């Protein structure tokens with residue numbers, strides 16, 4: 001009797017598995033094509049991923065990804081073609097009927113999802129039913145029981161999909177991604193689209209907002225087209241394989257490198273990374289705790305602007321002015337207090353017990369420059385911690401940007417007239433610990449204005465997988481964040 005019950009239970013489990021396979025397989029395999037007035041789109045579902053809504057343009061190999069999907073699957077929308085007349089109307093500055101486009105897209109996506117759910121239910125019932133017929137017998141379940149099990153399983157999958165697949169809540173802050181080197185250009189293309197004279201409704205239907213934002217951007221935000229930019233990178237740790245990506249991102253732009261180009265700063269390592277000095281227009285460097293006095297001298301001789309609390313390090317070893325003009329911004333930098341020394345055989349000088357004294361030294365140095373600088377570069381965030389806390393308690397009269405590094409984790413915080421930005425690690429942990437750390441290659445691009453007063457406008461946080469080269473980026477409008485925080 002027990003053996004018979006066990007066989008019946010196993011047979012029913014087999015029916016359930018077959019129904020699941022049929023329903024989930026249909027979700028993965030069935031695509032839909034829909035025609036909108038602005039072009040044609042392909043819609044599909046990819047189970048087994050972190051829930052997201054993807055808008056992808058295969059022609060240029062880049063897309064936007066939104067959260068809000070609670071099912072472990074991606075609802076993907078691919079733009080297959082774009083109506084030429086619609087593009088020309090946008091280029092001529094005409095408004096796009098976003099309301100009509102919303103109804104079109106919602107209708108197209110809704111009809112696809114309804115059709116998909118029907119197909120998934122039928123596929124699950126069919127495969128589960130065939131399995132029920134195959135396992136029927138003296139020790140198996142009755143055919144009716146097997147068919148009802150298949151139908152119930154398929155209905156459960158369909159119900160959960162209908163409930164969890166459509167994105168919920170307001171979708172915002174998309175992640176832009178690409179599989180090639182063109183991601184920064186894609187971000188620029190997105191921002192260079194002509195703006196509508198009417199701001200988009202902030203409560204656009206969740207399934208359409210990604211598509212609509214590629215057509216018309218919110219009118220209240222100032223355009224970034226033509227604004228000056230600079231690139232922030234740090235923590236290369238000798239991983240020269242990451243330098244070509246940095247060269248592409250920083251082509252023609254100022255580059256600020258916030259320390260830790262090497263592991264020990266020896267002359268051999270300095271020879272490996274000296275090309276950094278020629279990547280930016282110009283390249284600005286401050287030392288990190290893994291850099292050395294020898295390395296900084298070599299970079300200054302190679303043409304880089306090496307900043308210290310004593311002033312700009314000159315090729316002859318003397319110091320120039322403490323503030324330099326870079327990309328129109330007044331910039332100062334702080335040499336890492338644990339910078340290695342050639343006279344000490346490049347030994348590690350990083351000791352956490354010195355942090356309090358180092359913080360106080362930085363605070364006094366910053367006070368001497370307050371009101372005269374727009375950007376301050378320092379490697380270790382903890383060194384600047386005391387000064388940052390005071391600036392957050394008592395905001396400066398003019399916007400100040402603190403660029404730091406060391407943590408290998410991207411970080412951004414906007415407070416009244418204060419922006420702290422950390423780009424992460426360009427070297428993905430470096431050649432010595434790349435496998436253990438598994439950090440992505442990351443950098444940041446800061447877009448800013450110069451008049452009437454210097455003000456950061458946006459930050460592009462770019463991440464590149466060192467394994468397959470795929471890249472993603474997130475653009476954050478820090479000008480709006482600074483204005484909101486200033487009013488609060």
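Okay, here's what the table says:
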| read-out | value |
| --- | --- |
| Pairwise label distance in nanometres, residue 314 with residue 240, each label 7 Å out on the Cα-Cβ vector | 3.1 |
| Scattering curve values for the range 103-148, log₁₀ I(q)/I(0), Debye with Cα scatterers, q = 0.25 Å⁻¹ | -0.80 |
| Between the range 302-374 and the range 10-52, the Cα center-to-center distance that results, in Å | 57 |
| Proxy reagent accessibility, fewest Cβ within 10 Å first, across 426, 53 | 53, 426 |
| Rg(Cα) / (2.2 N^0.38 Å) computed for the range 229-487, rounded to two decimals | 0.93 |
| Label-point separation, residue 106 to residue 148 (7 Å along Cα→Cβ), nm | 4.0 |
| Likely footprinting exposure, 31, 291, fewest C-beta neighbours within 10 Å first | 31, 291 |
| Where only C-alpha atoms are counted, convex hull volume of the range 290-435 per residue in Å³ | 129 |
| Rounded FRET efficiency, nearest 0.05, which uses the C-beta distance separating residue 37 from residue 413 and R0 of 30 Å | 0.10 |
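Bear in mind these aren't lab numbers, they're just calculated from the coordinates by the rules spelled out. Here the structure is a predicted model, which means the values were calculated and not measured. Heads up, the Cβs are rebuilt from the backbone with ideal geometry, glycines too, and the neighbour counts pull from every protein chain shown.
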